[in-house]
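As structure tokens, the structure follows; a few thoughts come after it.
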Amino acid sequence: MKDGYELVYKRPDTLLSKRMHYCPGCFHSTMHKIIMEVVDEMGIAEETIGVSPVGCSVFAYDYMDIDFQQAAHGRACAVATGIKRSLPDKFVFTYQGDGDLAAIGTAETIHSCNRGENFTIFFINNAIYGMTGGQMAPTTLEGQKTSTSPYGRDVKHVGHPLRMAEMVSQLPGVAYCERLVLNTPANVRKAKKSIKKAFDIQKQGLGMTFLEVVSNCPSGWKCSPVQSLDFVGENMLKYYPLGVKKDVTANSN
Amino acid sequence: MSKKEIAFMKGNEALAEAALRAGMTGYYGYPITPQSEIMEYLTRQAPEYPHVTILQAESEVASVNMLYGAGGAGGRVMTSSSSPGYSLMQEGISYIACAEIPSVFVNVQRGGPGLGTIQPSQGDYFQAVKGGGHGDYRVIVFAPNSVQEMVDHTVLAFDLADKWRNPALILTDGAIGQMMEKVELPEHYKFRSAEDMRDEKPWATNGKKGGRKKNLLTSLNIKSEDMERKNHELQAKYGKICDEEVRYESYHLDDAEIIISAYGLSSRICKKVVDIGRAQGMKVGLLRPITLWPFPSKKIDELAKKENVKLFMSIEMSVGQMDEDIKLVVNGRKPVHHYGRTGGIIFTAEDILNQIKAKI
Ligand SMILES: Cc1ncc(C[n+]2csc(CCOP(=O)(O)OP(=O)(O)O)c2C)c(N)n1
Ligand code: SF4
Ligand SMILES: [Mg+2]
């Protein structure tokens, strides 16, 4: 309570009060905020180590007030494996884009999921290489124009977009896998619950927890933030259906 | 002092045993000949070391990045490979060097380039001592020439990696890795708890417990000024390492007119060359670099200054790599020659002696 006002909403303590470098309307900032909200609500800021990728979110460590390691492009899951194997009682997560996780780092992703490493992967799928200026990603939709698919993605030439959540959910090492989106306040609240659940499962040591976030990239998609939300709703979610792909705790709950 | 523990062991296995005794907390590797015995030995011993992570990774790219994570979390970590696999690790080593994560690497060299041959080689000298990956960085490089030194250098590599927050490499070859010799094993390192490690490595990313500020390990210095400052810091550290950590062995150098320089397996043969040469009345001596970086430049300079020194001869299982570094120091004052064989073909003492005679 301050000056007669009641504080009902505030920046989580572990999200540093800094101006973010993300473009206006980009979901990276929303995702940062809700992960840190969950970390605060669970009281685990001193027990959590993050791994940032190469991509727009390379600087995640500038905003999250927890220990961090910055990984080489695609190698976040290997780095997290090393950390978690060394510190099995800590919470460890990676935060990775689609180029990082599903192109250059596919092997590390699949194998750490398959080994059932007990960390959490936050996979931010914006169907584009944001950081390098909007090139085609492994998740770019069929027909989608990017700077390296200027006439639209031709699946005969470069293959089909990868559905990572569906892929990794096939692996026995994965305990929990869900695809989320952050396009409405209700969906943001839902995503927060899933993050909390992932950390809970990590604590129980049940295996890999994988959260794919269908994201946006107004700059790379060359549209306004509002138009980017339309593209998410109309195009992305059709190819990338939301929902829990796997949950080993489903029956016991 | 407890009783000496003597064993008869293969180089690769002795190295693995030494790593366990040196308090290694994590090993991450990928099979490749001629060094697979290292991970095989470690996985066999694993039940006795439940607190040590021994993990077969999906590739050398993954291993080196697991090392980045585990070393960054505060452990004493090692990986091993042979030439093609060590090449794959170079990007990761560059990141590790910049983020200053203590870590131990082993390259049991085989012949190259390319997939090459599984026979021993010394063809990776440039890669080892000049950085290997991108950017201005250095790795401390040991060149063992016996199974005993595989053990001793491994212990030293862990200690120096921690001391300098730097990657350290054991650069050996398929012959030293595969040969069996008598070896004295070191004592077991004192077990360190997570709390001990937290105290020893206050920079490690192990959770910002107890109100300490968050720790960050990164190699990203996006602002030009920051990148240059980081480079100056690293260079200052490398300068100190050059001052403090040079190691070499002198063999009959005092009155030598012909200076043979050789490391690792080649140096064993060259010792014999010196003995035979001396018996024939030749004033020949051997300078054996034990650390390849930092390089014994001061010693070479001292020799180059001596009036009685007539020539240098670098003997390597390569087409000539270390001879370039000798030339840099000698700087035209004396002739510097090279003799080498490749593909796993190992020269005899007689071969080398004939090559030297042809040069005088
Ligand atoms: C080894 C290597 N190759 C290429 C790059 C260049 N690069 C930087 S970020 C990036 C793609 C990032 O895209 P994504 O992972 O989808 O993240 P986003 O920026 O979209 O969040 C690439 C290719 C690099 N840094 N390192
Ligand atoms: S380029 Fe795209 S992904 Fe990167 S910050 Fe901007 S909108 Fe977000
Ligand atoms: Mg992307």
When segment A:110-140 is examined, which residues are found to be among the polar types (S, T, N, Q), more than 9 Å from ligand 1 (Cβ to nearest atom) and over 15 Å from B:GLY69 (Cβ atoms)? A:ASN114, A:THR140
Is there any pair linking a residue in segment B:50-79 that is more than 7 Å from every other protein chain (Cβ to nearest Cβ) and under 22 Å from B:ARG21 (Cβ atoms) to one that is at pLDDT below 95 and part of a strand (DSSP E or B), with Cβ under 9 Å and at least six apart or on different chains, and which? none
Which residues, taken from segment A:199-217, are in contact (Cβ under 8 Å) with a residue 60 or more places away in the chain and open to solvent by 10 Å² or more (accessible area, probe 1.4 Å)? A:LYS203, A:GLY205, A:LEU206, A:CYS217
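To keep it simple, each residue is scored yes or no on (1) open to solvent by 50 Å² or more (accessible area, probe 1.4 Å); (2) among the hydrophobic types (A, V, I, L, M, F, W, C).
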| position | (1), (2) |
| --- | --- |
| B:THR154 | no, no |
| B:ASP159 | yes, no |
| B:ILE170 | no, yes |
| B:GLU181 | no, no |
| B:HIS188 | yes, no |
| B:LYS237 | no, no |
Failed criterion for A:TYR239 (all others in (1) within 16 Å of ligand 3 (Cβ to nearest atom); (2) in contact with a helix residue (DSSP H, G or I) (Cβ under 7 Å, 6 or more places away or on another chain) hold): (2)
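Quick one: which of A:GLY50, A:GLY25 is in contact with a helix residue (DSSP H, G or I) (Cβ under 8 Å, 6 or more places away or on another chain), part of a strand (DSSP E or B) and more than 8 Å from chain B (Cβ to nearest Cβ)? So that I can check it myself, show each step before the final result.
Working: A:GLY25 fails: part of a strand (DSSP E or B).
Checking each option against the conditions leaves just A:GLY50.
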Residue satisfying condition, being open to solvent by less than 30 Å² (accessible area, probe 1.4 Å), of a type in the set (S, T, N, Q) and at pLDDT 95 or above, within set B:SER250, B:SER314, B:SER297: B:SER314
Can you tell me which residue is farthest from B:TYR137 (Cα to Cα) among those in segment B:290-317 that are assigned to a helix (DSSP H, G or I) and more than 22 Å from the chain's Cα centre (by Cα)? B:LYS305
Checked against (1) out of contact with any strand residue (DSSP E or B) (no Cβ under 8 Å at 6 or more places or on another chain); (2) under 30 Å from A:ARG115 (Cβ atoms); (3) among the hydroxyl-bearing types (Ser, Thr, Tyr), A:THR184 satisfies every condition except (2)
Enumeration of residues in segment B:318-345 that are assigned to a loop (DSSP other than H, G, I, E, B) and open to solvent by less than 50 Å² (accessible area, probe 1.4 Å): B:SER318, B:GLY320, B:GLN321, B:LYS334, B:GLY343, B:GLY344
Tally time: how many residues in segment A:63-113 are out of contact with any strand residue (DSSP E or B) (no Cβ under 8 Å at 6 or more places or on another chain), at the interface with chain B (Cβ under 9 Å from one of its Cβ atoms) and open to solvent by 10 Å² or more (accessible area, probe 1.4 Å)? 6
Among the residues of segment B:1-51, count how many are open to solvent by 20 Å² or more (accessible area, probe 1.4 Å), of a type outside the set (Ser, Thr, Tyr) and assigned to a helix (DSSP H, G or I). 8
Has segment B:230-252 got at least one residue that is closer than 22 Å to B:MET322 by Cβ, in contact with a Ser or Thr (Cβ under 7 Å, 6 or more places away or on another chain) and among the polar types (S, T, N, Q)? no
Search result, residues across segment B:189-230 that are more than 12 Å from every other protein chain (Cβ to nearest Cβ) and part of a helix (DSSP H, G or I): B:GLU195, B:ASP196, B:ASP199, B:GLU200, B:SER224, B:GLU225, B:ASP226, B:MET227, B:GLU228, B:ARG229, B:LYS230
Within segment A:111-164, track down each residue that is among the hydroxyl-bearing types (Ser, Thr, Tyr) and more than 20 Å from A:PRO241 (Cα to Cα). A:SER112, A:THR120, A:TYR129, A:THR132, A:THR146, A:SER147, A:THR148, A:SER149, A:TYR151
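Within segment A:114-137, track down each residue that is within 16 Å of ligand 2 (Cβ to nearest atom) and open to solvent by 20 Å² or more (accessible area, probe 1.4 Å).
A:TYR129, A:GLY130, A:MET131, A:THR132, A:GLY133, A:GLN135, A:MET136
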Restricting to segment A:61-82, give me the number of residues that are more than 16 Å from ligand 2 (Cβ to nearest atom) and free of Cβ contacts under 8 Å to residues at least 12 places away in the same chain. 1
In segment A:219-241, the residues that are outside any loop (DSSP other than H, G, I, E, B) and of a type in the set (Gly, Ala, Ser): A:SER219, A:GLY220, A:SER228, A:GLY233
If a residue must be surrounded by fewer than 18 Cβ atoms within 10 Å (Cβ to Cβ) and part of a helix (DSSP H, G or I), how many such residues does segment A:152-187 contain? 8
Sort out which residues of segment A:186-243 are among the small types (Gly, Ala, Ser) and within 16 Å of ligand 2 (Cβ to nearest atom), and write them in order of number. A:SER215, A:SER219, A:GLY220, A:SER224, A:SER228
Take segment A:113-136 and flag every residue that is touching a residue at least 40 places away in the same chain (Cβ under 8 Å) and in a loop (DSSP other than H, G, I, E, B). A:ARG115, A:GLY116, A:GLU117, A:ASN118, A:PHE119, A:ASN126, A:ALA127, A:ILE128, A:GLY130, A:MET131, A:GLY133, A:GLY134
Which of the residues that make up segment B:6-62 are touching a Phe, Trp or Tyr at 6+ places or on another chain (Cβ under 8 Å), farther than 25 Å from A:ARG75 by Cβ and polar (S, T, N, Q)? B:ASN12
Which one is nearest to ligand 3 (Cβ to nearest atom), of the residues in segment A:39-60 that are open to solvent by less than 10 Å² (accessible area, probe 1.4 Å) and either among the small types (Gly, Ala, Ser) or without any contact (Cβ under 8 Å) to a residue 24 or more places away in the chain (or both)? A:SER57
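The values are calculated or read from the model by the stated rules, or taken from the named source; none is laboratory data. A quick note: this is a predicted structure, and the numbers were derived from the prediction, not measured. With ideal geometry, Cβ positions are generated from the backbone for all residues, glycine too; neighbour counts draw on all protein chains shown. Note: accessible area is taken over every heavy atom of the protein model, side chains too, but ligands, DNA and RNA are not part of it. Shrake-Rupley method; radii C 1.70, N 1.55, O 1.52, S 1.80 Å.
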